[in-house]
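The values are calculated or read from the model by the stated rules, or taken from the named source; none is laboratory data. Note that the coordinates shown come from a computational prediction; the quantities given were computed from them, not determined experimentally. Methodologically, a virtual Cβ is constructed for each residue, glycine included, from the backbone with ideal geometry; neighbour enumeration extends over all protein chains shown. Quick note on the areas: whole protein, heavy atoms, side chains included, nothing else; ligands and nucleic acids left out. Shrake-Rupley method; radii C 1.70, N 1.55, O 1.52, S 1.80 Å.
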Amino acid sequence: MNHFACPYAFLLLAMPFALRYLLPPVKGLHGDALKIPFIGDLEKISIKSGGIWNMGSAAAGNGFSKFFWFLFAVWTLLVIAAARPQQIGEPIRLKNESRDIMLVLDISTSMLQPDFAINGQRIDRLTAVKKTAADFIRKRANDRVGLILFGTRAYLQSPLTFDKQSVEEILWSMQAGMAGDSTSIGDALGLALKNLKDNEDTKNKVIILLTDGENNDGSLSLAQAIKLARDEGIKTYTIGVGSRDVFFGMLIGQMRGVDEKGLSELAAVTSGEYFRAENTAALQQIYNAIDQLEADIHDDRFIRETKELYYIPLVAAILLGMALAVVLRRIN
């Protein structure tokens with residue numbers, strides 16, 4: 001399919017006629033008409049060529065000489081070039097857009113509590129998180145994934161990357177207590193926001209923050225981190241892990257609970273969602289739910305390859321002008 005990108009350029013075709021009829025004759029100091037030094041030569045050329053160019057206006061009944069129409073043909077080709085003729089190809093589906101997803105995982109020593117299970121065998125929280133998070137990473141085929149681990153301090157273990165295998169290897173190698181025994185949710189969230197903000201390649205940015213406790217360390221309070229998250233407008237999903245079984249907590253000597261109020265507020269102000277996982281099945285369902293909420297973008301938008309053809313009339317105009325110059329030179 002062919003069309004002109006600037007069809008209004010064809011209005012310029014009327015310009016030579018408008019100038020011919022609208023502009024008054026030029027009056028100079030030496031008479032009513034403008035004296036052109038080489039007009040005599042052009043008249044001689046017309047005579048020598050047997051009147052082929054009809055240079056004088058009186059030679060043509062409509063007031064326009066053949067030479068005028070020859071120049072008008074050059075002008076027409078230039079106008080066509082200015083209108084930008086284009087050849088439009090077949091529609092091509094746009095490639096799916098990708099997201100930047102930053103996983104922010106708590107690896108404080110409380111994640112060693114064995115209140116989760118797989119296939120009837122009791123496991124600690126961190127092992128359950130490794131398995132479910134790894135499954136989630138494998139599903140994000142078109143997304144970049146980054147990994148932040150936090151305890152007393154927060155560390156960027158993997159910047160945003162399409163290399164999912166490397167992120168998964170880091171995920172499986174992490175150990176509880178590597179980043180300290182306490183929990184700095186505010187610092188971890190601040191680090192995630194900074195890394196996502198610094199990467200401007202993608203507009204679709206998501207944080208998935210998982211913890212089993214409350215913010216009890218670090219330089220940023222949870223309230224400050226929530227304000228930063230709201231200002232940045234990066235959607236944040238929060239996951240609280242751990243059993244609500246008070247007896248089990250007393251039995252293992254740890255009663256620290258999840259700050260559900262703070263995590264819910266963080267998710268709410270960023271248009272995310274808060275989830276609570278008390279067992280492995282629930283944790284798996286949460287990651288599946290997030291996978292659906294942040295499904296790969298399959299736009300039904302199409303683009304057509306556009307090939308510019310303006311150079312064809314432009315080259316033709318140049319060649320025609322050169323031909324006119326050569327003919328005039330030979331006649332002279």
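Structure data summary
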quantity: The range 118-158: number of residues that are open to solvent by less than 50 Å² (accessible area, probe 1.4 Å) and in contact (Cβ under 8 Å) with a residue 24 or more places away in the chain; calculated: 26
quantity: Some residue of the range 214-228 being in a strand (DSSP E or B) and either among the small types (Gly, Ala, Ser) or modelled with pLDDT of 85 or more (or both); calculated: no
quantity: Subset tally (residues that are farther than 30 Å from Lys197 by Cβ and either of a type in the set (A, V, I, L, M, F, W, C) or in contact with a strand residue (DSSP E or B) (Cβ under 9 Å, 6 or more places away or on another chain) (or both)) for the range 99-118; calculated: 6
quantity: Tally of residues being touching a residue at least 24 places away in the same chain (Cβ under 8 Å) and under 29 Å from the mean Cα position of the chain (by Cα) across the range 211-238; calculated: 12
quantity: Residues satisfying the stated conditions in the range 160-194, i.e. in a helix (DSSP H, G or I), surrounded by 13 or more Cβ atoms within 10 Å (Cβ to Cβ) and among the small types (Gly, Ala, Ser); calculated: Ser166, Gly186, Ala188, Gly190, Ala192
quantity: Residues (open to solvent by 20 Å² or more (accessible area, probe 1.4 Å) and assigned to a loop (DSSP other than H, G, I, E, B)) located in the range 87-117; calculated: Leu94, Lys95, Asn96, Glu97, Ser98, Arg99, Pro114
quantity: 3 or more residues open to solvent by less than 40 Å² (accessible area, probe 1.4 Å) and at pLDDT 90 or above: qualifying helices (runs of 4 or more DSSP H) within the range 243-332; calculated: 260-269
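For every residue, the table says whether it meets (1) exposed (fewer than 10 other Cβ atoms within 10 Å of the Cβ); (2) hydroxyl-bearing (Ser, Thr, Tyr); (3) at pLDDT 55 or above.
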| residue | (1), (2), (3) |
| --- | --- |
| Asn2 | yes, no, yes |
| Pro7 | no, no, yes |
| Tyr21 | yes, yes, yes |
| Leu29 | yes, no, no |
| Asp32 | yes, no, no |
